[in-house]
Structure formats: C-alpha cells, structure tokens
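Input: a single structure, listed below in structure tokens.
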Amino acid sequence: MNTSDVTEEGIRGQKPGRDAVTGAAGVVGEQQRRERDARPSDRHAGDGGFSSYYGRPVLNAIVWEAPAIGGYLFLGGLAGASSALAAGAELTGRPGLARPLRYTALTAISGSTAALIYDLGRPERFLNMLRVFKPTSPMSVGSWILMGYGPLAGISAVTVLTGWFPRIGRLATYGAGGMGALVATYTAPLVCDTAVPAWHEGYRYMPFVFASSAVAAAGGAGLVGSPTEQSGPARRAAVGGALAETAVSTAMEHRMGLSGELYGQGTAGRYMRAAKALTLAGAAGAVLGRRSRVVSALSGAALVAGSACTRLGVFHAGRQSQEDPKYTVVPQRRRRDAREHGEGAQA
C-alpha cells in the first residue's frame, strides 16, 4: 500500500509524501506523528561516512506499535492456518482436532482485527479502507480478505459450540479453510511493499517465512487442544512448518545482503534467536512426545510462542533498518554503481 491508497479511501486531512514510509501514512494519529518527529535521529551510515540531511533519518519513523502490529501479523497467520488445518481435520473425521482449531481461528482473527483497529486509532479508519477495492494495494486486498474470512470463522466456531446447524458449520469451516492461506500470507506483501529496507529486501522469502511460521503455530495449537489419538495431522504440520520456517528464515537472513544482518542484531536478533530455539524445541517435542499429552501440549505452546517471536523479530528488524540511514543509502549506492558499470561494459 502507498500513501495514495489511504487518501483515496476516504481519510482526509493528511499530507501524502511526508508520512509515506510504511504505508500507514494516512491512518496514523496526530499524537503518533508528534512523538515520531520528536525522536532523536542523528544516525550515521558508517559506509562512506554518510549522515542524513539535517540529522534526520532518510525514512520517516515507523509509527506502528510493536505489540499491536506484531500481534496483528502473528494472530492473522495463526487464524488462517488453523482454519486450513481444521478443514482438513473435518474432512478426515477428526472432530477432536477440528473443534479446538475452529475456536483458535475465531479467537485469533478477532484479536488480529482488534490489534489492527487499535493501531489505526479509530475504528472508522478500518471501515474507510473498505470503501474501495484496489488490487494493487496489499492493505486494501487484506482488508477485504479479513471481511470475507471473519464471518466464516465465526460461524464455524459458533455452530460447533452450540451444536446448531452443523451442516452450515461444516460449510463455513471449509470456506474459512479455503481462505486460510490468504489470511496467513497477505501480511507478508503488506510489509514488503514498503520502503523499509529490512522488509522490502526480503520480499522473495517473507511470504514463505510467514506461511511456514503460521503452519507451525497452527500445528502447535492443534497439539495443545486435541487428544493424542487425533493429533497426527497437527503433529505433521507442526514439524514440517517448523523445519521450513527455520530453513527459509535462515536463508533470507543470509541472502538479503546488508539488511539481513539486522535479523541478528539488537531487539530483532533476540526475537529471532528465541524464535528458532522455541520452534526447533517444539518440533523435537512433537516428534518425541507422540504418546504423551503433556509433552505434546508443551511442544505446541513452544511452537506458538516461536511463531509470535518470528513476527516480532521481523517487525523490529524493520524498525532498526529505518532508523539507520546506512541500510537505505548503501544498497542504493551499490545498485547505482552496478548500473553504471553495466552501462560502461556495454559501451
């Protein structure tokens, strides 16, 4: 999403361009912008001694809050993958697995939507994003995905809780499962479609990181809530998602270039290391504790926590890359030099 997306969706009184950093330009409050502008930003790039003009960062500060947006990213992934896994469990006759996952999906998507609305500041800002549908805007597409998925997840959970209209509940479960992949992954292009280096430079890998992390979390939720005799699909999803997440996130960090180092530094590095430790521990417990209800539940909890840490690590890596001009300017200089050398070689 860019700044024009927001202004075209009915949010008035904002100044595009000035706040076009993360795509949240037109939906942040005045108080958030004042706090952002008051932050110290006298950073140096270190490569070539670059310092931003007037001691200001090259990119405006991210005004998203870590708990809210980190929770939004994590809970949306958990909800979507849980619905997909619940649909599979329903089809294969595993009600003991499908039931808790249907509850998990509704709880998670409710929390994700609430976190997004909280960060926007006023509920009507979310409704403004539904005034138009723009296929080129990840936020616009994502808002409509949430609007389509949320009622299906709600019907799926309420019908199994009350026992009313079971056929409608099963259809809603299948519908939510079909949309689950979109819900679990649309937030990856949402963050990558920005100027924030640690997000944008990872656009080739981020959807796979988010998808595998969501699958691991949903598998973990299934291990926590289902009896061991019906938890086979959740166990396989947990282990497969955990291994895929670890492999893809590691590849992303090493192949992103300069921005990739941020995933091992500061707050982002602490979250990413915790994510890998929790995820691998949860996968090991899922394999070794197949016959133990307690070990399975603890392993599932570790997988869910690991997925949350992954999203928070990604969020903080973006914030760290925005604060230091090096991660914006140095890659631009390298791309410029590469183009000049290429043009020189052709000449």
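For the stretch 217-296, carbon and sulfur atoms together expose 61% of the accessible surface, with a 1.4 angstrom probe and every protein chain in place.
Tyr118 to Ala277: extension gain in nm, 0.36 nm per residue of separation minus the Cα-Cα distance?
54.2 nm
If you model the stretch 135-215 as an ellipsoid using its alpha carbon gyration tensor, with each semi-axis the square root of five times an eigenvalue, the axes come out at 31, 13, 8 Å, biggest first. Extension gain, Glu340 to Ala195: 0.36 nm times the residue separation minus the Cα-Cα distance gives 49.9 nm.
Normalising the Debye intensity of the stretch 241-347 to I(0), with uniform scatterers on Cα atoms only, and taking log10 at q = 0.12, 0.22 Å⁻¹ returns -0.53, -1.06.
Give me the one-decimal Kirkwood hydrodynamic radius in Å for the stretch 143-301, with the sum taken over alpha-carbon pairs.
Kirkwood hydrodynamic radius for the stretch 143-301: 17.1 Å.
Here the stretch 234-347 is treated with +1 on each Lys and Arg Cβ and -1 on each Asp and Glu Cβ, and its dipole about the Cα centre works out to around 540 debye.
Ligands, DNA and RNA are left out, and with a 1.4 angstrom probe the accessible area of the stretch 214-258 is 35 Å² per residue.
May I ask for the percentage of alpha-carbon pairs in the stretch 196-241 that lie more than 13 Å from each other?
Details: 593 of 1035 pairs.
Considering the stretch 196-241, 57 percent of its Cα-Cα pairs are separated by more than 13 Å.
Using 0.36 nm per residue and subtracting the Cα-Cα separation, the extra length available between Ser292 and Phe165 on full extension is 42.3 nm.
How large, in Å, is the stretch 72-219 by the Kirkwood hydrodynamic radius built from its alpha-carbon pairs?
Hydrodynamic radius (Kirkwood, Cα only) of the stretch 72-219 equals 15.5 Å.
Using just the C-alpha positions of the stretch 210-294 as equal point scatterers, what log10 of I(q)/I(0) does the Debye formula give at each q in 0.16, 0.20 1/Å? Log-scaled intensity ratios, in q order: -0.62, -0.84. Distance distribution P(r), the stretch 151-196, all Cα-Cα pairs, bin width 10 angstrom from 0: 28, 34, 20, 13, 4 percent. Note on Arg236 and Ser110: their simple-model spin labels are 3.2 nm apart, each label 7 Å out from Cα toward Cβ.
Working note: Debye formula, equal point scatterers on the alpha-carbon atoms of the stretch 82-158, no solvent; log10 I(q)/I(0) at q = 0.18, 0.20, 0.22, 0.23 Å⁻¹ is -0.76, -0.86, -0.96, -1.00. In this simple spin-label model, placing a label point 7 Å from the Cα along the Cα-to-Cβ direction at both His254 and Leu127 gives a separation of 5.1 nm.
For the stretch 99-151, what is the relative contact order in percent, using Cα pairs closer than 8 Å and at least 6 residues apart in sequence?
On the way: 22 pairs, mean separation 15.0, N = 53.
Result for the stretch 99-151 is 28 percent.
Peptides 162-170, 246-254, 299-307 ranked from most to least packed by the mean count of surrounding Cβ atoms within 10 Å: 299-307, 246-254, 162-170. As a length-normalised measure over Cα pairs under 8 Å and 6 or more apart, the relative contact order of the stretch 219-347 settles at 30 percent. Annotation: peptides 122-128, 83-89, ranked by per-residue average of other Cβ atoms within 10 Å with the highest first, follow the order 83-89, 122-128. Over the stretch 131-194, accessible surface divided per residue gives 47 Å², non-protein components excluded, 1.4 Å probe.
Here the label points at Thr267 and Leu91, each 7 Å from Cα along the C-beta direction, are separated by 4.1 nm in the simple model.
Could you work out, for the stretch 96-137, what percent of all Cα-Cα pairs fall into each 5 Å distance bin, beginning at 0 Å and stopping at the bin that holds the largest distance? With a bin width of 5 Å, the distribution comes to 5, 19, 17, 16, 18, 10, 10, 4, 0.
The values are calculated or read from the model by the stated rules, or taken from the named source; none is laboratory data. Remember, predicted model here, so these are calculated numbers, not experimental data. So basically every Cβ, Gly included, is an ideal-geometry build from the backbone, and we count neighbours across all protein chains shown. With ligands, DNA and RNA removed, areas are computed over all heavy atoms of the protein, side chains included. Shrake-Rupley method; radii C 1.70, N 1.55, O 1.52, S 1.80 Å.
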